[in-house]
1. May I ask you to list pairs of residues, at least six apart or on different chains, whose Cβ atoms are under 7 Å apart, with the first in the range 27-49 being without any contact (Cβ under 8 Å) to a residue 40 or more places away in the chain and under 20 Å from Gly166 (Cβ atoms) and the second being open to solvent by 50 Å² or more (accessible area, probe 1.4 Å) and aliphatic (A, V, I, L, M)?
2. Consider the range 60-90. How many of its residues are touching a residue at least 40 places away in the same chain (Cβ under 8 Å) and among the polar types (S, T, N, Q)?
3. Taking the criterion of being in a loop (DSSP other than H, G, I, E, B), of a type outside the set (Gly, Ala, Ser), surrounded by 20 or more Cβ atoms within 10 Å (Cβ to Cβ) and at pLDDT 85 or above, would at least one residue in the range 145-165 satisfy it?
4. Is it the case, given these coordinates, that His73 is at pLDDT below 90 and either surrounded by 14 or more Cβ atoms within 10 Å (Cβ to Cβ) or within 30 Å of Leu312 (Cα to Cα) (or both)?
5. Which of the residues belonging to the range 299-322 are touching a residue at least 60 places away in the same chain (Cβ under 8 Å) and either buried (at least 18 other Cβ atoms within 10 Å of the Cβ) or part of a helix (DSSP H, G or I) (or both)?
6. Can you tell me how many residues in the range 76-86 are open to solvent by 20 Å² or more (accessible area, probe 1.4 Å) and out of contact with any Gly (no Cβ under 7 Å at 6 or more places or on another chain)?
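The values are calculated or read from the model by the stated rules, or taken from the named source; none is laboratory data. Because the structure is a prediction, the values reported are computed rather than measured. With ideal geometry, Cβ positions are generated from the backbone for all residues, glycine too; neighbour counts draw on all protein chains shown. Remember, those area values only see protein heavy atoms, side chains included, never the ligands or the DNA or RNA. Shrake-Rupley method; radii C 1.70, N 1.55, O 1.52, S 1.80 Å.
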Amino acid sequence: MSKKRVVACCLGLMISWLPITTMAVTDKDHPLVGRYEGSELGFHTHSDFDEADLINGPFVGSASGEDKRGWLHVEGEMDLYYYKLPAGRSSLEALRNYEVSLKEKGFEVPFTCGATNGSCFAKRPGHSDQTSPGLLGLAIDDPQMPKYDGDYIRNYFKLNARYLFGVLKRAEGTVYVSIAFAEEGTGNFAFVRVVTTKEMDEDKIKFVGAGQMQDALADKGRINLYGIQFDFDKDVIKPESKPTLDEIAKLLRAEPELRLAIVGHTDKQGSAAYNVDLSKRRAENVVASLTGEYAIEKSRLSPHGAGASKPLASNDSEEGRAKNRRVELVKQ
């Protein structure tokens with residue numbers, strides 16, 4: 001790859017552009033992201049399917065807080081890369097190079113920020129501006145981010161911190177890139193997370209039988225089922241739902257005193273009122289099937305529609321929406 005430099009002026013600074021190499025130094029680099037030339041790869045982990053909370057705009061607190069502004073929950077194939085940037089290269093220079101490289105590959109880059117100027121953080125009424133670089137380190141330092149060189153990731157964001165969020169929409173799945181840049185006494189670093197959305201391997205989910213339902217109800221008082229299927233925007237139970245209905249009936253016959261709320265859940269497509277109505281109609285048809293085809297007493301079952309009010313995952317991806325569409329049994 002050419003090492004010819006192009007000088008550009010940005011934010012009042014002269015930045016020397018170095019190419020972002022792709023699969024040039026090691027085959028561990030992500031093929032869509034690559035690495036800043038001269039960087040040292042210190043750590044890499046891969047998961048075929050996992051979840052993460054990514055910063056996609058100015059944020060106030062963590063993704064688990066009450067105010068979730070600036071956070072996006074995603075699921076899919078995940079890679080984490082920790083790079084030490086070459087000596088003499090600032091976090092700003094690395095960020096701008098990644099930004100140019102990603103855009104050349106078709107990515108949108110809707111959010112970049114610098115922690116020292118406060119652009120990473122949303123303002124809260126009645127509070128002073130949040131400008132500490134360490135706050136960005138605290139935000140990304142979740143349990144999915146292993147230590148680097150024996151130290152917690154948050155401790156690398158002491159002097160300066162920057163962030164980039166990129167999105168590539170493809171038919172085979174959306175790719176999200178989250179890069180946090182840190183300047184620390186021992187050097188400058190780039191922490192790269194890439195999430196490629198995809199449908200999980202459904203055959204990895206074991207069949208939920210009556211015994212498992214019984215255990216879950218005894219332990220937690222509820223269980224989510226994905227074996228009761230409906231066509232899109234329909235409330236008629238599909239024939240392939242019979243094995244799960246058989247198991248629910250088996251459970252109810254084994255425990256004559258058991259009473260259940262049958263709760264329908266949808267994804268967020270459509271209006272809130274429509275989704276509540278659709279989910280309730282689906283729950284009602286589950287009750288009708290159990291009472292009509294399996295002779296379960298109607299007084300033992302009550303249908304409810306929750307719509308999209310209780311999601312288990314983000315509705316921004318198909319895999320998240322699929323996780324939210326479910327029938328839940330709740331012990332009464």
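1. Here the result reads Pro31/Met23, each pair linking the range 27-49 to a residue that is open to solvent by 50 Å² or more (accessible area, probe 1.4 Å) and aliphatic (A, V, I, L, M).
2. Qualifying residue count for the region: 2.
3. Yes, the range 145-165 contains at least one residue that is in a loop (DSSP other than H, G, I, E, B), of a type outside the set (Gly, Ala, Ser), surrounded by 20 or more Cβ atoms within 10 Å (Cβ to Cβ) and at pLDDT 85 or above.
4. On the way: at pLDDT below 90: yes; either surrounded by 14 or more Cβ atoms within 10 Å (Cβ to Cβ) or within 30 Å of Leu312 (Cα to Cα) (or both): yes.
So His73 fits the description; yes.
5. Ser314, Ser317, Glu318, Glu319, Gly320, Ala322
6. Quick first cut of the range 76-86, residues open to solvent by 20 Å² or more (accessible area, probe 1.4 Å) only: 77, 84, 86.
Applying the additional criterion that residues be out of contact with any Gly (no Cβ under 7 Å at 6 or more places or on another chain) yields 77.
Number of matching residues: 1.
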